[in-house]
Each structure stands twice: as C-alpha cells, then as structure tokens.
Amino acid sequence: MSHKLEHIHMTVNARIDPNFKALPKDDAQRFVNELMKTIHMKPLGPLNWSDAEDLDFPGQSFVQMITTSHCSVHYFTGNDGTNEIHFDLYSCTCFDVNKVIALLDRTFGLISWHGIIYQRTMHEAPVVKMIGSEAKEVLVETPSAAKRC
C-alpha cells in the first residue's frame, strides 16, 4: 500500500485593521501555537522572528518550520498608514482553509484579502484556487483533484 502525501500551499495577502500596531515575538508565538492546533501540525524547532531593519518597510516577520513544511507572516505598515500582512503556509497535511482564515481575521482583523490555495500530490494534476474576500475565479481544477481535502 503506497502512502499518498498531499501538499497544500496557502498564501494570503491582506489589508488589516489600521489599529494593529505590531507583531511582538510573544504574539507571533501565540499565533503559531494556535495555527499548529488548527492545522494539526507540530513545530520543528523554534520560531524565527525579526523586527524589520529596513525602515522603508517597518514591521515584523517570522518563519516557523513544521515537519516537511513551514509558515510565515510578514507584517508591514505602509507609508500611507495602511497595515498589511503576507501569510504563507505550506503543509503536508490537509487542513480547513476557513479555520486558518478565521484565525488570521481574529489575530489581525482582515479588511480585504486575497490568496491562492495550491494542492498537489506526486501522481495527480494540481488544484489551484483563488480565495479571498472578493475571489470568484477557480484557476485550475480537474475532476479527480477536486475530491482532495
């Protein structure tokens, strides 16, 4: 019996609550802890967190390695006063995308957002879907791939 490994890559770019002011390391760690519960994964080492050194793009970033996977968040305050996050999650297990979006919303206060879900296995065509507060288009989907996750 062969083991079918499913990989899901989720990206989200979002404008967030203008009152969100920082992503301190402790808050980033709490977010990662909740994310790990949500996607049923475990950290593979410590959180790698950093304040932005480039003051043209003030904010914070982190990367958390998880088994054969990773997640990252980059938080920026724009010159126009808007706040943005760029979220990236790569997982070798299926997870509920809606629960991850709900966690992002609780943590950051999503105002408008868009992203992509990319599902792949070794022996089937990939599934690529646009997601977001206004996404309506499915980019690529095959009948056999649509049954995944």
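Please name all residue pairs, on different chains or six or more residues apart, with Cβ atoms under 8 Å, provided the first residue is in the range 93-108 and is touching a residue at least 40 places away in the same chain (Cβ under 8 Å) and the second residue is in a helix (DSSP H, G or I) and among the hydrophobic types (A, V, I, L, M, F, W, C).
Pairs that qualify, where the first residue is touching a residue at least 40 places away in the same chain (Cβ under 8 Å) and the partner is in a helix (DSSP H, G or I) and among the hydrophobic types (A, V, I, L, M, F, W, C), are THR93/ILE39; PHE95/ILE39; VAL100/LEU35; VAL100/ILE39; LEU103/PHE31; LEU103/LEU35; THR107/PHE31.
Residues in the range 83-92: is at least one crowded, with 16+ Cβ neighbours inside 10 Å, over 19 Å from ASN19 (Cβ atoms) and modelled with pLDDT under 85?
No - not one qualifying residue is present in the range 83-92.
What are the pairs with Cβ atoms under 8 angstrom where one residue, in the range 112-135, is under 20 Å from ILE16 (Cβ atoms) and the other, located anywhere, is assigned to a loop (DSSP other than H, G, I, E, B) and of a type in the set (S, T, N, Q)? Sequence gap at least six, or different chains.
Cβ pairs passing all conditions: SER112/SER133; TRP113/SER133; HIS114/SER133.
Between residues in the range 22-51 that are without any contact (Cβ under 8 Å) to a residue 40 or more places away in the chain and residues that are loosely packed, with under 13 Cβ neighbours inside 10 Å, which pairs lie under 7 Å by C-beta distance while being six or more apart or on different chains?
Taking only residues 6 or more apart or on different chains, the pairs are MET36/LYS42; LYS42/THR67; LEU44/THR67.
In the range 59-77, is there at least one residue being at pLDDT 80 or above, farther than 25 Å from GLY45 by Cα and over 18 Å from the mean Cα position of the chain (by Cα)?
Yes, the range 59-77 contains at least one residue that is at pLDDT 80 or above, farther than 25 Å from GLY45 by Cα and over 18 Å from the mean Cα position of the chain (by Cα).
Taking the condition of being in a strand (DSSP E or B), of a type in the set (A, V, I, L, M) and closer than 11 Å to ALA28 by Cβ, how many residues in the range 46-70 meet it?
Going through the range 46-70 one residue at a time, the tally reaches 1.
Considering only residues that are polar (S, T, N, Q) and touching a residue at least 60 places away in the same chain (Cβ under 8 Å), look in the range 73-92 and name the one that is farthest from ASN13 (Cα to Cα).
Of the range 73-92, the ones polar (S, T, N, Q) are 77, 79, 82-83, 91.
With touching a residue at least 60 places away in the same chain (Cβ under 8 Å) added as a condition, the list becomes 82-83, 91.
Numbers: THR82: 13, ASN83: 11, SER91: 18 Å.
So, considering only residues that are polar (S, T, N, Q) and touching a residue at least 60 places away in the same chain (Cβ under 8 Å), the one farthest from ASN13 (Cα to Cα) is SER91.
In this structure, is VAL140 surrounded by fewer than 16 Cβ atoms within 10 Å (Cβ to Cβ), β-branched (Val, Ile, Thr) and at pLDDT below 90? Walk me through how you get there before you give the answer.
Values: surrounded by fewer than 16 Cβ atoms within 10 Å (Cβ to Cβ): yes; β-branched (Val, Ile, Thr): yes; at pLDDT below 90: yes.
Yes: the conditions hold for VAL140.
Under the condition of being closer than 17 Å to PHE87 by Cβ and of a type in the set (A, V, I, L, M), which residue from the range 34-58 is farthest from the chain's Cα centre (by Cα)?
Among them, the one singled out is ALA52.
Do you know which of the residues in the range 22-45 that are of a type in the set (Lys, Arg) and outside any loop (DSSP other than H, G, I, E, B) is farthest from ILE101 (Cα to Cα)?
Initially, the range 22-45 is screened for residues of a type in the set (Lys, Arg), giving 25, 30, 37, 42.
Imposing the further condition that a residue be outside any loop (DSSP other than H, G, I, E, B) reduces the set to 25, 30, 37.
Details: LYS25: 21, ARG30: 16, LYS37: 14 Å.
Residue satisfying both the conditions and the ranking: LYS25.
The values are calculated or read from the model by the stated rules, or taken from the named source; none is laboratory data. Since this is a predicted model, take the numbers as computed values, not measurements. All Cβ positions, glycine included, derive from the backbone under ideal geometry; neighbour counts span all protein chains shown.
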